[in-house]
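The values are calculated or read from the model by the stated rules, or taken from the named source; none is laboratory data. Quick caveat, the model's predicted, so the values are computed rather than measured. We place every Cβ from the backbone using ideal geometry, glycine too, and count neighbours over all the protein chains shown.
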Amino acid sequence: MEQPPAKRQRRDTSLVIYCHDDCARHVTTGDGDAEHQESPARLAAIAAALQNYARRRDFAPASREALLRVHSARYLDAVSSIETRGRLSPMLRTRVLGESGVDAAAGATPVGPGTWTAATRAAGAALAAVRAATPGSRAFVLVRPPGHHAMREGYDVSAGGCGFCVLGNAAVAAAEALTSGEPRVAIVDFDVHHGNGTEAWAVTENSERLLYASVHLREVYPENSSLDFFPGTGAAGQHPSVCNVPVTPNWIEPGARERFVAAVKEISRKLAAFGPSLLIISAGFDALEGDAGQLNPWTPDDPDLPPNVSPEVLDGVGLRPEDYGTMTRPLLGVIPEKASVVSILEGGYGRPDGAGGFEKSGLVAAAVAHVEALDSRSHSSS
């Protein structure tokens with residue numbers, strides 16, 4: 001990512017953006033391939049629109065000790081070996097390393113020589129933001145690869161993959177905060193996909209000091225789980241430390257945009273009762289209108305097309321960029337005034353442009369709306 005021009009004036013703000021050039025080293029597209037959804041270009045596009053904010057790059061990669069709170073030694077060894085041994089190609093198209101947990105089936109979660117460097121730096125940014133948090137502070141962790149699907153062993157067989165994720169950035173940050181004595185830690189996830197990895201860690205942690213809350217699309221077919229909207233998890237009412245508010249997609253029931261925004265407000269009520277001293281936001285922007293992450297996977301000629309699905313409806317949710325400000329403000333409005341907030345980028349890829357790439361203006365506008373709401377000192381719940 002480029003450094004902001006020296007002549008620009010910084011905003012009068014306490015919000016800090018954590019980012020690092022190492023995050024571009026995770027290669028997701030092979031030579032001659034079309035752009036992968038989760039590409040370095042998505043990070044660069046958002047970064048260019050946030051040049052006026054102060055940035056921190058002077059942080060270390062996540063330590064093994066911090067990562068072992070969330071992931072197994074076997075999984076960490078498997079991913080790190082890709083880089084240290086240099087024995088695998090930049091773009092893998094087969095499931096690799098056997099039972100290690102790394103999934104690169106059909107390019108779903110590509111891994112290569114730069115993956116470990118990028119992923120540990122991304123988790124390191126989340127750790128640095130939590131460690132630097134002060135009463136009332138705000139931070140946006142602008143990193144990749146994302147993390148909320150990454151399980152303890154990385155690959156979740158039941159969900160069919162890691163969903164572009166390598167290390168659980170939000171979970172690693174939350175584990176650090178709990179270990180360091182943070183009184184109450186909440187993670188709110190509004191990515192269009194359920195954060196199965198973060199939830200699994202929260203359930204294992206089983207702490208009264210921890211809350212994981214998620215709003216996401218959920219489309220489940222018990223008779224054939226392979227048809228579920230990824231990852232197929234996230235039912236309501238599963239654990240005391242978890243608050244899931246699943247939303248039915250537009251192609252089954254119109255009005256998903258309104259339901260999604262309302263679900264975040266429902267979560268804010270749970271958040272108010274919990275009273276976190278630290279709020280971590282898993283900020284996914286893939287519920288946005290036209291975004292590749294929430295487009296209808298069904299086609300009219302699909303032999304498995306369920307009778308309740310309308311294949312002509314393209315958007316699963318169809319949020320507008322300004323909705324991300326609308327969803328962020330109620331979360332900030334109900335937490336204690338001295339609570340610190342760390343937001344971490346998850347999904348959000350852009351609109352397919354028909355030429356093998358992704359148009360990212362909507363993604364950028366959504367991210368800016370979220371960051372500007374984070375930066376607001378007013379605690380409005382509108």
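On the basis of being surrounded by 24 or more Cβ atoms within 10 Å (Cβ to Cβ) and either of a type in the set (K, R) or part of a loop (DSSP other than H, G, I, E, B) (or both), does T233 make the cut? Yes, satisfied. Summed over the stretch 340-373, the residues that are crowded, with 22+ Cβ neighbours inside 10 Å, of a type in the set (G, A, S) and not in a helix (DSSP H, G or I) give a count of 5. Evaluating P303 against the criteria (1) at pLDDT below 95; (2) part of a strand (DSSP E or B) leaves one unmet condition, (2). Candidates are the residues of the stretch 167-209 that are of a type in the set (D, E, K, R) and free of Cβ contacts under 8 Å to residues at least 60 places away in the same chain; the one that is surrounded by the fewest Cβ atoms within 10 Å (Cβ to Cβ) is E208. If the condition is being modelled with pLDDT of 95 or more, over 18 Å from the mean Cα position of the chain (by Cα) and of a type outside the set (S, T, N, Q), then the stretch 233-264 contributes P249, W251, I252, E253, P254, G255, A256, R257, E258, R259, A262.
Go through the stretch 313-368 and report how many residues are closer than 30 Å to T299 by Cβ and among the β-branched types (V, I, T). Let's see the steps before the verdict.
Our first condition is that a residue be closer than 30 Å to T299 by Cβ; within the stretch 313-368, this holds for 313-321, 323-324, 346-366.
The next check asks that each one be among the β-branched types (V, I, T); those that pass are 313, 317, 364.
Residues flagged as closer than 30 Å to T299 by Cβ and among the β-branched types (V, I, T) within the stretch 313-368 amount to 3.
Name the single residue, out of those in the stretch 206-220 being in a loop (DSSP other than H, G, I, E, B) and at pLDDT 90 or above, that is farthest from L331 (Cα to Cα). Checking each candidate, the answer is E219.
Answer yes or no: is there a residue in the stretch 341-353 that is over 25 Å from A119 (Cα atoms) and free of Cβ contacts under 8 Å to residues at least 12 places away in the same chain. Within the stretch 341-353, one or more residues are over 25 Å from A119 (Cα atoms) and free of Cβ contacts under 8 Å to residues at least 12 places away in the same chain.
Being touching a helix residue (DSSP H, G or I) at 6+ places or on another chain (Cβ under 8 Å), of a type in the set (G, A, S) and part of a helix (DSSP H, G or I): is that true of A170 here? Reasoning before the result, please.
Numbers: touching a helix residue (DSSP H, G or I) at 6+ places or on another chain (Cβ under 8 Å): yes; of a type in the set (G, A, S): yes; part of a helix (DSSP H, G or I): yes.
In short, yes.
Looking for whichever is in contact with a strand residue (DSSP E or B) (Cβ under 8 Å, 6 or more places away or on another chain), in contact (Cβ under 8 Å) with a residue 60 or more places away in the chain and either farther than 30 Å from E205 by Cα or not acidic (D, E) (or both) here; the options are P276, P231. Which one fits? Give the derivation first.
Working: P231 fails: in contact with a strand residue (DSSP E or B) (Cβ under 8 Å, 6 or more places away or on another chain).
After applying the criteria, what remains is P276.
Taking S226 as the residue in question, decide whether it is of a type in the set (S, T, N, Q) and either touching a Pro at 6+ places or on another chain (Cβ under 7 Å) or in a helix (DSSP H, G or I) (or both). Here the answer is yes, as S226 does meet what is asked. When V261 is tested against (1) exposed (fewer than 15 other Cβ atoms within 10 Å of the Cβ); (2) in a helix (DSSP H, G or I), just one condition goes unmet, and that condition is (1).
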